[in-house]
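Structure first, then comments.
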Amino acid sequence: MSTPFLLRQLAAGMGRPGWLWPVPVAVLEAGAGLVGKRDLWQKFAGDLTLDCDPVCEQLDWVPPYSPKAGLKETATWFTNSNSVGAKG
């Protein structure tokens with residue numbers, strides 16, 4: 001799952017357009033360096049790969065949602081909860 005995939009799925013679940021503009025990674029990294037956030041950029045832009053198959057097999061468990069469905073459900077819940085757009 002890529003970061004753009006995650007962002008687009010969450011946006012769709014919130015009923016918002018998932019517009020992402022292609023920007024070269026070098027430009028983003030340089031910008032982070034200019035504002036003194038190179039360490040934060042490294043954490044944000046680094047790869048994270050998870051494989052839950054071994055755990056699922058060992059526990060004989062099947063996730064109740066696909067990643068896409070789970071992200072949509074989460075974003076929809078978040079949008080509908082009192083934490084978004086709640087008035088005073």
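The values are calculated or read from the model by the stated rules, or taken from the named source; none is laboratory data. It should be emphasised that the depicted structure is a prediction, and the values quoted were computed from it without experimental measurement. Here Cβ is always computed from backbone atoms with ideal geometry, including for glycine, and neighbour counts include all displayed protein chains. These accessible areas exclude ligands, DNA and RNA; they are computed on the full protein's heavy atoms, side chains included. Shrake-Rupley method; radii C 1.70, N 1.55, O 1.52, S 1.80 Å.
Some notes on this structure:
- Where residue 21 falls short, out of the listed (1) outside any loop (DSSP other than H, G, I, E, B); (2) of a type in the set (Phe, Trp, Tyr); (3) loosely packed, with under 10 Cβ neighbours inside 10 Å: (1)
- Long-range neighbours under 9 Å by Cβ, at least six apart or interchain, first residue part of a helix (DSSP H, G or I) within the stretch 46-63, second surrounded by 10 or more Cβ atoms within 10 Å (Cβ to Cβ): 55/61; 56/63
- Number of positions in the stretch 24-37 that are assigned to a helix (DSSP H, G or I) and either within 18 Å of residue 3 (Cβ to Cβ) or in contact with a Pro (Cβ under 9 Å, 6 or more places away or on another chain) (or both): 7
- As a summary of the residue check, residue 15 satisfies the conditions (1) open to solvent by 80 Å² or more (accessible area, probe 1.4 Å); (2) at positive phi except for the one numbered (1).
- Taking (1) open to solvent by 60 Å² or more (accessible area, probe 1.4 Å); (2) under 14 Å from the mean Cα position of the chain (by Cα) in turn, residue 35 satisfies each apart from (2).
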